[in-house]
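The structure appears right after this line, and notes come after that.
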Amino acid sequence: MKITEALRAEHVVYHTLFDHLERVTPGLRSLAQIQALAGLLHAMLRAHGAVEDALLIEPLEHCIDQVGHRETFHSEHEEIEANLQAVLEARSVAKARRLLQAAVLLAREHFDKEERLVFPLAEKVLNAQTIQSLGQRWREQHGA
């Protein structure tokens, strides 16, 4: 399996989660519910981001920098992280809801950008053996 295939499959799961959060968040009335969902999303995105950075972004860092997206990707990660952390610290339902919705939107846009730019770049720049090897590393990390 290619690393790009593995990460695309993960993205499908995340897009389903984003859809669910966008659907249920407006109706949530409890700060604890919103914070629990934000905490779950936060933990999942951190784990995904660490794997993605190590297995795809780092090997492509020089290319991403050349096309002018290195700082954008890093700042988007930081903004998503900050919004989710702010949800966990929020004291009002309205603020927590607004921050969670913003984090989901930012994450969705970031994932879309990765799918449009980074994955095709990896397929173009990295040789087939490297893409397969990185996919194998992903599989080993996930016990698959």
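Couple of notes before you dig in:
- Only one entry of ALA36, ALA82 meets the criterion of being among the hydrophobic types (A, V, I, L, M, F, W, C), farther than 22 Å from THR4 by Cα, surrounded by fewer than 18 Cβ atoms within 10 Å (Cβ to Cβ) and within 14 Å of the chain's Cα centre (by Cα), and that entry is ALA82.
- Count of segment 102-129 residues which are over 18 Å from CYS63 (Cα atoms) and polar (S, T, N, Q): 1
- Residue in segment 61-77 that is at pLDDT below 95, of a type in the set (A, V, I, L, M, F, W, C), out of contact with any Leu (no Cβ under 7 Å at 6 or more places or on another chain) and outside any helix (DSSP H, G or I) present: yes
Yes or no, residue by residue, for (1) surrounded by 15 or more Cβ atoms within 10 Å (Cβ to Cβ); (2) over 18 Å from the mean Cα position of the chain (by Cα):
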{"site": "ALA94", "(1), (2)": "no, yes"}
{"site": "ARG97", "(1), (2)": "yes, yes"}
{"site": "ARG108", "(1), (2)": "yes, no"}
{"site": "ARG116", "(1), (2)": "no, no"}
{"site": "ALA122", "(1), (2)": "yes, no"}
{"site": "TRP138", "(1), (2)": "yes, no"}
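- Evaluation of LEU7 against the conditions (1) assigned to a helix (DSSP H, G or I); (2) in contact with a Lys or Arg (Cβ under 8 Å, 6 or more places away or on another chain); (3) within 30 Å of SER133 (Cβ to Cβ) shows that the sole unmet condition is (2).
The values are calculated or read from the model by the stated rules, or taken from the named source; none is laboratory data. If you're wondering where the values come from, they're calculated on a predicted model, not measured in any experiment. Every residue, glycine as well, gets a Cβ built from its backbone with ideal geometry; the counts of neighbours run over all protein chains shown.
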